[in-house]
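Here is the structure we will look at, set down as structure tokens.
The values are calculated or read from the model by the stated rules, or taken from the named source; none is laboratory data. These figures come from a predicted structure and were not determined experimentally. With ideal geometry, Cβ positions are generated from the backbone for all residues, glycine too; neighbour counts draw on all protein chains shown.
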């Protein structure tokens, strides 16, 4: 550790980089990473999706609370928007799956990004961005 450093963070995945970023506002931080680049393993290969309706109530609250931070971070870094709408379609393939999906949607009904779309007798449940996915896959039901 260099003289004058307060904290050493070991690991440059999303967790390590996030911790180092937050701590750097108040302390001198050194980030140690064994690889030549940051976030190149599972962090760098994830789907990179922000899913406000995923998980239980506590996880959803945490995910939703993080949304404004993405906009501020992009602005601070002078980077393009870190969050972009992506079409997502949640499908159920049997009665049990449909019941599970309906229960999850009912639990999330107050969340602004979640929509339920009925159509021609076949229940269709989707996030608000799913019409774009449906348009690109006309045979989807």
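In the range 60-77, the residues that are within 18 Å of residue 49 (Cβ to Cβ) form Cβ pairs under 6 Å with partners that are exposed (fewer than 12 other Cβ atoms within 10 Å of the Cβ), at six or more places apart or across chains, as follows: 74/81.
Listed here are the residues, each with its yes/no results for (1) modelled with pLDDT of 75 or more; (2) surrounded by 12 or more Cβ atoms within 10 Å (Cβ to Cβ); (3) within 15 Å of the chain's Cα centre (by Cα).
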{"position": "58", "(1), (2), (3)": "yes, no, yes"}
{"position": "71", "(1), (2), (3)": "yes, yes, yes"}
{"position": "90", "(1), (2), (3)": "no, yes, no"}
{"position": "93", "(1), (2), (3)": "no, no, no"}
{"position": "101", "(1), (2), (3)": "yes, yes, no"}
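Tallying residues that are within 26 Å of residue 84 (Cβ to Cβ), at pLDDT 85 or above and assigned to a helix (DSSP H, G or I) within the range 5-56 yields 8.
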